[in-house]
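Enquirer: Here it is: the structure, laid out below.
The values are calculated or read from the model by the stated rules, or taken from the named source; none is laboratory data. Owing to the predicted nature of the structure, the values given are computational and were not obtained by experimental measurement. Quick reminder, even Gly has a Cβ in these numbers, built from the backbone with ideal geometry, and neighbours come from all protein chains shown. Quick note on the areas: whole protein, heavy atoms, side chains included, nothing else; ligands and nucleic acids left out. Shrake-Rupley method; radii C 1.70, N 1.55, O 1.52, S 1.80 Å.
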Amino acid sequence: MTARCVMVLGTTSGAGKSWLTTALCRHYARQGLKVAPFKAQNMSNNARVVAPTLHRSRGSLPSEGADFPWGGPAENRSLGGEIGSAQYFQSLAAQAEPEVRMNPLLLKPEADTRSQVVLMGQVNEALSNMPWRGRSLHVWPQIAAALDELMAENDVVVIEGAGSPAEINLHASDIVNMRVALHANARCLLVSDIDRGGAFAHLYGTWALLPAEERVLIHGFVLNKFRGDASLLAPAPQMLQDLTGVPTVATLPMWWQHGLPEEDGVFDDRTRASGAVSKTVAVIAYPRISNLDEFQPLKNVPGVRLVWARAPADCAGADWIVLPGSKATAADLAWLRTQGLDRAVAAHAAQGGAVLGVCGGLQMLGEALIDTHGIDGNAPGLGLLPLVTQFDLQKTVRHTHTTFGELHGAWSALSGVGAAGYEIHHGQTAQHPAMAAGGNNAREVLPGGLGWQNAAGNVLGVYLHGLFEDPRVLHALFGANVPTLETVFNGLADFIETHFEPGVLDQLIAP
């Protein structure tokens, strides 16, 4: 089996690569084909935990000279670990088991000039300390091997690029765009966000900056996020085809609620709700927010209004304030204080308002962050829970199935509710001994130190990511059923099948 490869490239970040890749995965899976997603390198703090996998690979795959985290070429085992959330969802859309080969390199930004490097699911300190351009030589053999294995095991591999393939300052060290396309002999779609303006210039300029051997891989242009009368686009698509030889194969209407989170950040700050607003949830959007995609289901709950809060005014009128995960907890806590959001959260809690902290947000709610290993930083917490967090060299990365104990107050609906999610954290959190001795206790509401509630019942902190993706939790909190992922994936496939030119999707995988 040698897969046909379809690749989705973008003229910019945020053009729509991730959701279109997801839609293609479900479309081809619905044709009865064995499908896998792939993204060589993903830069995102939105990550998911995947389990170890055992697979067979071609005996000719290179193993000498490459530091593979699995065994020999005949029977290979991945260690599992972290991959980008987008590839996790794409694998589910493809009806495949998520695994590290689908995203062999994940960069998790910790500062403007520093990222934690996750190679084949595992943190690699040597690569994390290596200059950006120096990494490609070291990681390309493993990226190519992962792609070769997926191609050998599937009918179709749907590949997502990153940023733009025309970033000519990065072309020589490229390991995610056209180098991958050439390696896979992929048929590429180039997507542009027409709502931003300049889409035809973006498409032509990107095509023109590619070398000739890379241009021939571009099989179609896609205009995304179009609003208005598509007939008014003429004669531009034909003029563009006359210049490049590449047809415009789809004009995709603006679609506000396709149901998938943005991969790279909060691109859509609009605060919509389905129907009359009955609950407003303000999620603090600090600079190093992580796993923000887990709040996407709240957008689909009838009557819930989701607000991304960057200033105290954004929290005004909120029923819940959520402190999400963070890739740099101490730094984001300092930012929160600079913005005055610490006072807004404290005032909300003092008035009995519901507060939820998830992972890094839980750590912020405590009394102190203690870092003796230089992992994140020391800092005083917000003091809303009598807890202390110490950062450990060992990173906890695992799936977790658990059940809430008895809760009171604002979160009492979760009492006895089962929940499944995942953990990704260096911090280990426990009760502050002095405060516990003085009677200022937090109630442990998830076993194993995974969750605590304050005595008043309105402040809850948990280490478990993915709560709002569990239907049991959503039903307990909102009493409503929200669209499932299967509904979302099929909706995406229906959308592109409606709006792509007839026959194009078949031609992309034709022999």
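Enquirer: Non-local amide H neighbours of GLY357 (under 5 Å, H modeled in plane, Pro and chain starts lacking H): which ones?
Expert: LEU323, LEU460, GLY461, VAL462
Enquirer: Rounded to the nearest 5, what % of the DSSP beta bridges within the stretch 356-424 are antiparallel ones? Before the final figure, lay out the partial values.
Expert: On the way: 9 of 12 bridges.
Percent antiparallel among DSSP bridges in the stretch 356-424 is about 75.
Enquirer: On a full-extension model of 0.36 nm per residue, what is the gain between ALA234 and ALA350, subtracting their alpha-carbon distance, rounded to one decimal in nm?
Expert: Numbers: separation 116, 0.36 × 116 = 41.76 nm, distance 5.90 nm.
Additional length available on full extension: 35.9 nm.
Enquirer: Then there's this: Of the beta bridges DSSP finds with both residues in the chain, what % are antiparallel, to the nearest 5? Don't skip to the end; give the middle numbers.
Expert: On the way: 41 of 88 bridges.
Bridges in the chain are about 45 percent antiparallel.
Enquirer: HN-Hα J couplings of the stretch 408-421 from phi, Karplus 6.51/-1.76/1.60, θ = phi - 60°, integer Hz, Gly and Pro as x?
Expert: So the J values, rounded to whole Hz, are 10, x, 4, 10, 5, 5, 7, 4, x, 7, x, 8, 10, x.
Enquirer: Another question about this same structure. Charges only on Cβ, +1 for Lys and Arg, -1 for Asp and Glu: so what's the dipole of the stretch 74-133 about the Cα centre, in debye to the nearest 20? Walk me through the numbers before you get to the answer.
Expert: Numbers: 5 positive and 7 negative charges, 30 e Å.
Magnitude of the dipole: close to 140 debye.
Enquirer: Taking H placed 1.01 Å from N in the peptide plane, check which residues at least 5 places from ALA309 or on another chain put their amide H under 5 Å from its amide H.
Expert: Amide H neighbours of ALA309: VAL283, ILE284, ALA285.
Enquirer: Continuing with this model, one more query. How many percent of the accessible area of the chain is carbon or sulfur, using a 1.4 Å probe? Before the final figure, lay out each step's value.
Expert: Details: 10340 of 19800 Å².
Roughly 52 percent, rounded to a whole number.
Enquirer: Continuing with this model, one more query. If you count the DSSP beta bridges with both ends in the stretch 368-482, what percent of them are antiparallel, to the nearest 5? Could the numbers behind the result be given before it?
Expert: Details: 22 of 25 bridges.
Just about 90 percent of them are antiparallel.
Enquirer: Moving on to the next point. Stretch GLN95-GLN122 to full length: gain in nm at 0.36 nm per residue minus the Cα-Cα span?
Expert: Values: separation 27, 0.36 × 27 = 9.72 nm, distance 2.42 nm.
Length difference between fully extended and current span is 7.3 nm.
Enquirer: While we're looking at this one, here's another question. May I ask you to list the lysines whose Cα is less than 21 Å away from that of LYS225, ignoring any residue fewer than eight positions away on the same chain?
Expert: List returned: LYS17, LYS299.
Enquirer: Place the peptides 100-107, 242-249, 43-50 in order of packing, highest mean first, counting for every residue the other Cβ atoms within 10 Å and averaging per peptide.
Expert: On the way: 100-107: 27.2, 242-249: 15.9, 43-50: 24.0.
The packing order, highest mean first, is 100-107, 43-50, 242-249.
Enquirer: Apply the Karplus curve 6.51 cos²θ - 1.76 cosθ + 1.60, θ = phi - 60°, to the phi angles in the stretch 484-490 and return the couplings in whole Hz, x for Gly and Pro.
Expert: Values, residue by residue: 7, 4, 4, 4, 4, 4, 5 Hz.
Enquirer: Tell me which of ALA410, ASN490, GLY121 sits at the most positive position along the dipole axis of the chain, charges placed on C-beta atoms (Lys, Arg +1; Asp, Glu -1).
Expert: ALA410
Enquirer: Mean projection of the alpha-carbon convex hull of the stretch 125-194 over all orientations, in nm²?
Expert: Working: hull surface 24.2 nm².
So the mean shadow area of the Cα hull is 6.0 nm².
Enquirer: Can you list the residues, at least 5 places off or on another chain, whose amide H is less than 5 Å from the amide H of SER290, using H built in the peptide plane?
Expert: Those qualifying (amide H under 5 Å, at least 5 residues apart or on another chain) are GLY325, SER326, LYS327.
Enquirer: Once phi is turned into θ = phi - 60°, what whole-Hz ³J(HN,Hα) does the Karplus curve with 6.51, -1.76 and 1.60 give for every residue of the stretch 16-30, x standing for Gly and Pro?
Expert: x, 4, 5, 5, 5, 4, 4, 4, 5, 4, 5, 4, 6, 5, 5
Enquirer: Oh, and also: FRET efficiency for MET254 and HIS138, Cβ-Cβ distance as r, R0 = 51 Å, nearest 0.05? Provide the component values of the computation, followed by the final result.
Expert: Working: r = 41 Å, r/R0 = 0.81.
Approximately 0.80, to the nearest 0.05.
Enquirer: With r as the distance between the Cβ atoms of ARG337 and THR372 and R0 = 25 Å, compute the FRET efficiency 1/(1 + (r/R0)^6) and round to 0.05. All intermediate terms of the calculation are to be shown ahead of the outcome.
Expert: Details: r = 23 Å, r/R0 = 0.90.
With R0 = 25 Å, the Cβ-Cβ based efficiency is 0.65.
Enquirer: Report the percentage of all Cα-Cα pairs in the stretch 381-511 whose separation exceeds 18 Å, rounded to a whole percent. If you can, show how the numbers build up before the last one.
Expert: Working: 5542 of 8515 pairs.
Percentage above 18 Å: 65.
Enquirer: Oh, and also: So what is the orientation-averaged projected area of the stretch 400-477, using the convex hull of its C-alpha atoms, in nm²?
Expert: On the way: hull surface 20.3 nm².
One quarter of the hull surface, i.e. the mean projection, equals 5.1 nm².
Enquirer: Sum up the charges of everything whose Cβ sits under 10 Å from the Cβ of MET178, counting Lys and Arg as +1 and Asp and Glu as -1, but leave MET178 out. Before the final figure, lay out each step's value.
Expert: On the way: positive: ARG179, ARG215; negative: ASP174, GLU213, GLU214.
Surrounding charge for MET178 is -1.
Enquirer: Let me ask something additional. Report the extension gain between ALA455 and ILE168 in nm, rounded to one decimal, defined as 0.36 nm multiplied by the number of residues separating them, less their alpha carbon distance.
Expert: Difference between extended and current length: 97.6 nm.
Enquirer: Going 7 Å from the Cα of THR2 along its beta-carbon direction, which residues of the stretch 481-511 have the amide nitrogen within less than 13 Å of the resulting point?
Expert: The answer is 511, whose backbone nitrogens lie closer than 13 Å to the label point.
Enquirer: Any idea what % of Cα-Cα pairs in the stretch 289-425 are farther than 27 Å? Numbers along the way, then the final one.
Expert: On the way: 2019 of 9316 pairs.
More than 27 Å apart: 22 percent of the Cα pairs in the stretch 289-425.
Enquirer: What is the distance, in nm, between label points placed 7 Å from the Cα along the Cα-to-Cβ direction at THR113 and at THR487?
Expert: 4.8 nm
Enquirer: Provide the per residue accessible area, probe 1.4 Å, for the chain, rounded to a whole number of square angstrom.
Expert: Numbers: 19800 Å² over 511 residues.
Counting only protein heavy atoms, the per-residue value for the chain is 39 Å².
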